[in-house]
Amino acid sequence: MDAAGLDSNGHGFRNAEEMWREEIGLGERVEEDATSAPAAKRHAWYRKGISYWQGVDASVDGVLGGYGHVNEADVKGSEAFLKPLLIDRFGNERRHLVALDCGSGIGRVTKNLLLRHFNEVDLLEPVSHFLDAARENLAPEGDMKEDVHMAVNFFCLPLQEFTPEIGRYDVIWIQWCIGHLPDDDFVSFFKRAKVGLKQNGFFVVKENVAKTGFVLDTEDSSITRSDLYFRDLFKQCGLHVHSSKDQKGFPAELFAVKIYALVFDKPKGGRNKKLRYKPAPIKERRRS
């Protein structure tokens, strides 16, 4: 990425390569020894990010950085984006759908969105007290019915260490967490994660976007990338943007937010005919 960027302290970088070299030693010669300077920098990068979130309250307001009131607008925007995608990729016949919620936090997205449309949802979250809250929030209520929509697996792992079960997921949902991955780990994650998708499965990435270049947050070891930056990385991953949409209804002082649907098969020209959406029946559901 050639565009310039800056960090949260106002320090400027000529390009992303310079920033990653300073932050994690990316591009520096790495010795075989895992204790080399670049390896230590990368470890410190990830440790700092986890440490930041370990100090955050396991609540909607906590995981949304004090902006818990945007939860409703966020969910509505995501649902409006997701529903036609499910029809486009899987048709309008009822089927058993499975999703993975990456960076799931306390299970906010799983509870308010994914369990409405997926029979099973797995959660991936590296911060243990968030995942503990998710387990409690998503515990089944009452008698278990055959068609219940439920959270199934809770993985306490970071994205860079996770490899999904082959062919388990129809959708892998990644929201407000991919900014913690440096570019090389970003690409590696998607190349590993693709084995977890079923036929016609897809990724959804929902993230803050910078107007140009990038903004590095030195407090929590994360980067906000521009739309062009994201699209360049998607290309490196072998992904195609099936569709994208800007999130509406957020406070003006926040970063813009964009949502992408990503596929490995190149989208065909033209628009698909809209079909009536028929999710699998939901009798009972639980989620934080």
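To the nearest 20 Debye, how big is the dipole of the chain about its Cα centre, given +1 on the beta carbon of each Lys and Arg and -1 on that of each Asp and Glu?
So the magnitude is around 1720 debye.
How much length is gained if the chain between T218 and E141 is pulled fully straight, taking 0.36 nm per residue apart and subtracting their Cα-Cα distance, in nm to one decimal?
That works out to 23.6 nm of additional length.
Heavy atoms only, probe 1.4 Å: what % of the accessible area of segment 111-233 goes to carbon and sulfur, would you let me know?
47
Residues of segment 199-238 with amide nitrogen under 19 Å from the 7 Å Cα-to-Cβ point of E18?
In segment 199-238, the label zone of E18 (backbone N under 19 Å from the point 7 Å along Cα→Cβ) covers 211-218, 223-226, 229.
What do you get for trypsin sites (Lys or Arg not before Pro) in segment 185-217 restricted to DSSP loop and a cutoff of at most 11 other Cβ within 10 Å of the site's Cβ?
K211
Go ahead and estimate [θ] at 222 nm for the chain from helices alone: -39,500 (n - 2.57) per DSSP H run with n ≥ 4, summed, over the residue count, rounded to 500.
Here the helix-only value at 222 nm equals -9000 deg cm²/dmol.
Given the chain, what percent of its DSSP beta bridges are antiparallel, to the nearest 5? Let's see the in-between values first.
Details: 19 of 43 bridges.
That works out to approximately 45 percent antiparallel.
Return the subset of K48/K198; K194/K245; K111/K268; K111/K245 for which the Cα-Cα distance in this structure is over 31 Å, preserving the input order.
K48/K198; K111/K268
Could you work out the per residue convex hull volume over the alpha carbons of the chain, in cubic angstrom?
Taking the convex hull of the Cα positions in the chain, it is 138 Å³ per residue.
Calculate, for H43 and S128, the FRET efficiency according to 1/(1 + (r/R0)^6) with r their C-beta to C-beta distance and R0 25 Å; round to the nearest 0.05.
Between H43 and S128 the formula returns 0.85.
Once the Cβ-Cβ distance between F154 and Q236 is put in as r, and R0 is 25 Å, what FRET efficiency do you end up with, to the nearest 0.05?
On the way: r = 30 Å, r/R0 = 1.21.
Step by step, r from the Cβ atoms, then E = 0.25.
GNM on the chain, C-alpha springs below 10 Å: top fluctuator among G27, G196, G107?
G27
For segment 169-215, what is the convex hull (Cα atoms) projected area averaged across all directions, in square nanometres?
Its average projected convex-hull area is 3.7 nm².
So how far, in whole Å, is the C-alpha centre of segment 204-221 from the one of segment 125-202?
Taking the Cα centre of segment 125-202 as reference, the centre of segment 204-221 is 21 Å away.
Under a 10 Å cutoff between Cα atoms, tell me which one of K248, K111, K268 has the largest fluctuation in the Gaussian network model of the chain.
For the chain, modelled as a Gaussian network with Cα springs under 10 Å, the answer is K268.
Can you tell me the accessible area per residue over the chain, all protein chains present, probe 1.4 angstrom, in square angstrom?
Heavy-atom SASA per residue in the chain reads 50 Å².
The values are calculated or read from the model by the stated rules, or taken from the named source; none is laboratory data. Quantities reported herein were computed from a predicted structural model and do not represent experimental measurements. Ideal geometry is used to build each Cβ from the backbone, glycine not excepted, and the neighbour counts take in all protein chains shown. Heads up: the accessible areas ignore ligands, DNA and RNA and are worked out on the full protein's heavy atoms, side chains in. Shrake-Rupley method; radii C 1.70, N 1.55, O 1.52, S 1.80 Å.
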